[in-house]
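All of the numbers you see were taken from the coordinates with simple rules; none came from a lab. Quantities reported herein were computed from a predicted structural model and do not represent experimental measurements. For neighbour counting, all protein chains shown are included, and Cβ atoms are generated from backbone atoms with ideal geometry for every residue, glycine included.
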DNA sequence: ATGTTATTTAACTGGATGGTTTAATAGTGG
DNA sequence: CCACTATTAAACCATCCAGTTAAATAACAT
């Protein structure tokens, strides 16, 4: 069995599963509700399997409601996956800023100063 | 062939490859330099293959220097992988804050106000 | 030319993944 | 009990993946 973090990334390495996660960002849903957009491309058992992958990876949790199984995101799990990048965010963003301004000045065909202050990616500190 | 984003996540879904990326955050390195810490666990061709996975995923680039191949991170590539989460960061952090304070009050066994201000995770805006 | 160092390719293996179809399980409502 | 709905399990298949060993390629040094 793989380590948890690898399982999480592996779970994210599939467009169907990412779409399911994005769906669940909007709110919890039963298995069939989640399956609905995919049933033209794959069978229900395939959907179940994808959900199991997400569950084993700790990204989704299921609870029972009468016959239905209700799935919802496990945000803590997603957080853990993001932490791999988060861990290096500082170093990384610094480099990306340099890259951003390089690309910008290259596009603008002018050699402006080394740091560009406008940056949609930079997060506001709430 | 898979979509780029899936390839990136798949590339990250392996502890060896993540370790390689973390190594490259410290600076570029030749294949053998990267391989060195792993050679007790696997052969050189295995390392080459891992690097190829990272390269195909757009996370690493290789340039040639005499006999050596020098590998370095492609930060733009990493950024793209992170954007999947970034895309939902706002919604997500809000929920995590709620979760944080819930866990905190649960641990502290006291029903404090709904928002706890101390939070190591929250990033300072540089 | 020959050998040495650095890296990749080729061919192969075992095990995981993503899908299928058919059948089983479980709860709800006559 | 019986039928219906919702979901999963089992068995199977094709492909991909991570590793192996042995051989090929490439650049350099003598």
Percentage relative contact order, the stretch A:20-83, counting C-alpha pairs under 8 Å, at least six apart:
36 percent
Computed FRET value (nearest 0.05) for residue A:31 with residue B:91, which takes r as the C-beta separation and R₀ as 22 Å
0.45
Here the correct list, in nm and shortest first, of distances from residue B:41 to the same site in the other copies, label points 7 Å along Cα→Cβ, is 3.3
May I ask you to order A:40-52, B:84-96 by the average number of other C-beta atoms within 10 Å around their residues, highest value first?
B:84-96, A:40-52
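Of the peptides B:21-29, A:75-83, how do they stack up when ordered by the mean number of other Cβ atoms within 10 Å, highest first? Present the calculation step by step, with values, prior to reporting the outcome.
Values: B:21-29: 15.0, A:75-83: 18.4.
Going from most to least packed, we get A:75-83, B:21-29.
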Starting from the alpha-carbon convex hull of the stretch A:39-94, give the projected area averaged over all orientations, in nm².
5.6 nm²
Size of the stretch A:4-80 as Cα extents on the principal axes (Å, biggest first):
29, 27, 20
Note the distances from residue B:3 to each other copy's matching label point, with points 7 Å along the Cα-to-beta-carbon direction, in nm, sorted shortest first.
2.8
Over the whole of B:73-80, what's the average partner chain Cβ count within 10 Å per residue? Rounded to a whole number, please.
4
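Hey, got the average number of other protein chain Cβ atoms within 10 angstrom for residues in A:9-17?
Numbers: counts 10, 5, 2, 10, 12, 6, 4, 1, 2.
Counting other chains' Cβ atoms within 10 Å and averaging over A:9-17 gives 6.
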Copy-to-copy label separations for residue B:56, where each label sits 7 Å from Cα toward Cβ, in nm and ascending
2.2
